[in-house]
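Chemist: I'd like to ask you about the structure that follows.
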Amino acid sequence: MLRIGMLTSGGDCQALNAAMRGVVKGVCSKRNDVEIYGFQDGYKGLIYGNFEMLSSKDFSGILTRGGTILGTSRQPFKLMRVPDANGLDKVEAMKHTYHKLCLDCLVILGGNGTHKTANLLREEGLNVVTLPKTIDNDLWGTDMTFGFQSAVDIATDTIDRIHTTATSHSRVFIIEVMGHKVGHVTLHAGIAGGADVILLPEIPYDIDEVVHVIQNRSKVGKSFTIIAVAEGAISKEDAKLKKKEYKEKIANRKYPSIAYELAEQIQTRTDKEVRITVPGHTQRGGSPCPYDRVFATRMGAAASELILNKEYGYMLGTKNGKTIKVPLQDVAGKLKYVDPECGLIKEAKMVGISFGS
């Protein structure tokens, strides 16, 4: 009997179901003696033993469904070694659940924080295989994560729709895109949507430069400006602050987010009306785009092969179009940032996009 535990952790996104489907279809195509234990709400289900027995039928018809049929939750890695309110040792509890059910392995789908805990479980002796889920595309060791392209499509569609009203009213529009620490989604959506300014966490911006772009566009008869800003974008002044000082400033600022701070600064320095659009969690929702369906299926199928071959301790990923396996210890705790000197940034600048620097 092959017993597989499965969970989805962290923020949800498109193609989680598609990836799990790929795993189950791949394993069940080779073996008939398979039991699937689906843990509810991420690591919480593994900690407290909340699970349901699933069969291959439960994974039928979910290729196009967004979200996750298992539910998910955020369990911060820094608190994994901290006992819960009742004094329960979370790590020992997860190990107990794993051994009590006589699992052969755990399949874990998640992003950066999820992979830290997955690697911790590997270090504790559990058999683990992971799949790269995050709309941010910031996991180390893989060119792509599922959820990213779907999020880019939604953010791009938002920018596309804003273009018409921005043009009609000669306004400056700020579209705030998800991305606290990395700007991959904002970069791709900004270019695809024809944004005039793209502000990323990796490239501290100068508000004077942003205003300069707006004024120059007005001088040449372009009455509107589209600004795509990552929610984690930071000014050059703030980038000079120490981490603690910056956190204190964010905690005490009067603005709900960076878009509103930018809007006020632009409004006071120009004669333009400024409007803000925040697509927010719509970027995580809905059906996965075709690319994500294919990619998630490939990752799931590759994971099933590792399980059948009893190769554990890896994340599946892709490099130059080829499926690869990456040791979990090489992934955990690392982020894949936008390289300010990368070709995509240089080419975007060539077509006149400003990064506020």
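Chemist: Has the stretch 109-116 got any residue that is among the hydroxyl-bearing types (Ser, Thr, Tyr) and within 23 Å of GLN14 (Cα to Cα)?
Modeler: Scanning the stretch 109-116, I find at least one residue that is among the hydroxyl-bearing types (Ser, Thr, Tyr) and within 23 Å of GLN14 (Cα to Cα), so the answer is yes.
Chemist: Determine the pairs where a residue that is polar (S, T, N, Q), located within the stretch 72-83, has a partner that is open to solvent by 70 Å² or more (accessible area, probe 1.4 Å) with Cβ atoms under 6 Å apart, the partner being 6 or more residues away or on another chain.
Modeler: SER73/LYS44
Chemist: Right, another one. Out of everything in the stretch 259-279 that is among the acidic types (Asp, Glu) and over 24 Å from LYS236 (Cβ atoms), what residue ends up being surrounded by the fewest Cβ atoms within 10 Å (Cβ to Cβ)?
Modeler: At the first step, the residues of the stretch 259-279 found to be among the acidic types (Asp, Glu) are 261, 264, 271, 273.
With the extra rule that they be over 24 Å from LYS236 (Cβ atoms), the set shrinks to 271, 273.
Working: ASP271: 8, GLU273: 15.
If we take residues in the stretch 259-279 being among the acidic types (Asp, Glu) and over 24 Å from LYS236 (Cβ atoms), then ASP271 is surrounded by the fewest Cβ atoms within 10 Å (Cβ to Cβ).
Chemist: Next question. Any idea which residue in the stretch 93-117 is nearest to ASP143 (Cα to Cα), counting only those that are among the hydrophobic types (A, V, I, L, M, F, W, C) and within 17 Å of the chain's Cα centre (by Cα)?
Modeler: As a first pass, look at the stretch 93-117 and keep what is among the hydrophobic types (A, V, I, L, M, F, W, C): 93-94, 101-103, 105-109.
Filter once more, so that each one left must be within 17 Å of the chain's Cα centre (by Cα): 108-109.
Details: ILE108: 19, LEU109: 16 Å.
Going through the qualifying residues, I end up with LEU109.
Chemist: Among the listed residues TYR260, TYR314, which satisfies the condition of being touching a strand residue (DSSP E or B) at 6+ places or on another chain (Cβ under 8 Å) and without any contact (Cβ under 8 Å) to a residue 24 or more places away in the chain?
Modeler: On the way: TYR314 fails: without any contact (Cβ under 8 Å) to a residue 24 or more places away in the chain.
Exactly one of TYR260, TYR314 is touching a strand residue (DSSP E or B) at 6+ places or on another chain (Cβ under 8 Å) and without any contact (Cβ under 8 Å) to a residue 24 or more places away in the chain, namely TYR260.
Okay, residues lined up against (1) open to solvent by 70 Å² or more (accessible area, probe 1.4 Å); (2) assigned to a helix (DSSP H, G or I); (3) touching a helix residue (DSSP H, G or I) at 6+ places or on another chain (Cβ under 7 Å); (4) over 24 Å from LEU306 (Cβ atoms):
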| site | (1), (2), (3), (4) |
| --- | --- |
| ARG65 | yes, no, yes, yes |
| HIS96 | yes, yes, no, yes |
| VAL107 | no, no, yes, no |
| LYS116 | no, yes, yes, no |
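Chemist: Continuing with this model, one more query. Based on this model, can you work out whether GLY125 counts as in contact (Cβ under 8 Å) with a residue 12 or more places away in the chain and open to solvent by 20 Å² or more (accessible area, probe 1.4 Å)?
Modeler: yes
Chemist: Name the pairs whose Cβ atoms lie under 6 Å apart, with the first residue in the stretch 46-62 and under 17 Å from ILE108 (Cβ atoms), the second of a type in the set (Ser, Thr, Tyr) and open to solvent by 30 Å² or more (accessible area, probe 1.4 Å), and 6 or more positions between them or separate chains?
Modeler: That search, which allows pairs on different chains as well, returns nothing.
Chemist: As an exercise: evaluate VAL331 against (1) under 18 Å from the mean Cα position of the chain (by Cα); (2) farther than 15 Å from HIS115 by Cβ; (3) open to solvent by less than 20 Å² (accessible area, probe 1.4 Å) and give the number of the one condition it does not meet.
Modeler: Result: VAL331 fails condition (2) only.
Chemist: Also, I was wondering about something else. Select from the stretch 155-186 the residues that are more than 27 Å from SER223 (Cβ to Cβ) and in a helix (DSSP H, G or I) and list them in ascending order.
Modeler: Selection gives HIS184, VAL185.
The values are calculated or read from the model by the stated rules, or taken from the named source; none is laboratory data. None of the values given here were measured: they were computed from a predicted structure. FYI the Cβ positions are ideal-geometry reconstructions off the backbone, even for glycines, and counts take in every protein chain you see. For the accessible areas, the whole protein counts, side chains as well, though only heavy atoms, and no ligand, DNA or RNA atoms are used. Shrake-Rupley method; radii C 1.70, N 1.55, O 1.52, S 1.80 Å.
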